Amino acid sequence: MKARQVISLLVVLVVLSGCKINRPDDVLSPKVMEEVLYDYHLAQAILMEEGQSEKYKRDYYLDWVFQKHGVSKQDFEHSLIWYTRYPNEFAEIYGKLSDRVTRDRNQAAMLLERIEKSSFSVESGDSVDLWYLNRNIILSGSIYLDKVLFTIKSDTTFHKGDTITWNINNTFVAKADTLPQQIYASLSMRYGNSQVVTVDTLLDRTTNVKLTTVIDSVVDLNTITGSVCYMDSTAAKDACAVLTDVSLIRQR
């Protein structure tokens, strides 16, 4: 009886091993595939949002996705074909993707709600942080990651004489200290009469930066804009700039 049990167990193990899917070495792992697919769909969504006139950017967005994850387009397409042959494995990946998108969407909704509440609760004499982007930003030599841009439209919460201060803590991280690092930062007030008032500076070392300007006329103020960008993004391919604790303070 014991011998028959052993034989039965061996048969079961053989059957189970025959059902196991062996993923080839040249196919991306489920974890890597999930990460690439997440950014791949994000890039596609951005392209759809930008409309037909921006379709020429398609290859640039997708190349950035592949570059970010260290895979080639051929690796991705080959892996995609392989996973489509195994629906259960592919469904498991997309199940995790769906959960991740749901979490990110809920977090974005909460962030938007906080921004809206803060914008409608401004009172005279308040000091308000207007910054709505990530407070910690990494700039690299990539054409998609070598700059930060923002625009804030004027509304009734702005008053003449308000002081706007953009605070940035910057740290350069490079493989070699000899690599040239220069980042240009500017803060501008744009008025209805085409007047532009700009304060700017050059970040060429690890430093804390404050760019400050004053609203001259709230009636004519259109937008507050700002930018941080590499002077030469090609020089930053082996380095990056880490911007931390970014804030944009409007003080009355």
(message) Going by amide H atoms built from the backbone, whose H comes under 5 Å of the H on Leu130, apart from near neighbours?
(response) Leu248, Ile249, Arg250
(message) Using the basic label-point model (7 angstrom from Cα toward the beta carbon), what is the Arg135 to Asp220 distance in nanometres?
(response) 3.6 nm
(request) Please give the peptides 191-200, 162-171 ranked by average Cβ packing (other Cβ atoms within 10 Å per residue), highest first, as a rough proxy for protection. (result) 162-171, 191-200
(request) Could you order peptides 220-230, 34-44, 92-102 by the average number of other Cβ atoms within 10 Å of their residues, highest first? (result) 220-230, 34-44, 92-102
(request) Evaluate E = 1/(1 + (r/R0)^6) for Ser194 and Ile46, where r is the Cβ-Cβ distance and R0 equals 41 Å; express this FRET efficiency to the nearest 0.05. (result) 0.85
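Within the set Lys147/Lys210; Lys96/Lys153; Lys68/Lys96, which residue pairs have Cα atoms separated by over 29 Å? Intermediate values should be presented prior to the final figure.
Values: Lys147/Lys210 18 Å; Lys96/Lys153 38 Å; Lys68/Lys96 20 Å.
Checking Cα-Cα distances, Lys96/Lys153 exceed 29 Å.
Taken together, the values in this text are just the output of simple stated rules run on the coordinates, not laboratory data. In this text the structure is predicted, and so the values were computed from the model without any measurement. Cβ coordinates were reconstructed from backbone atoms using ideal geometry, including for glycine residues, and neighbour counts include every protein chain displayed.
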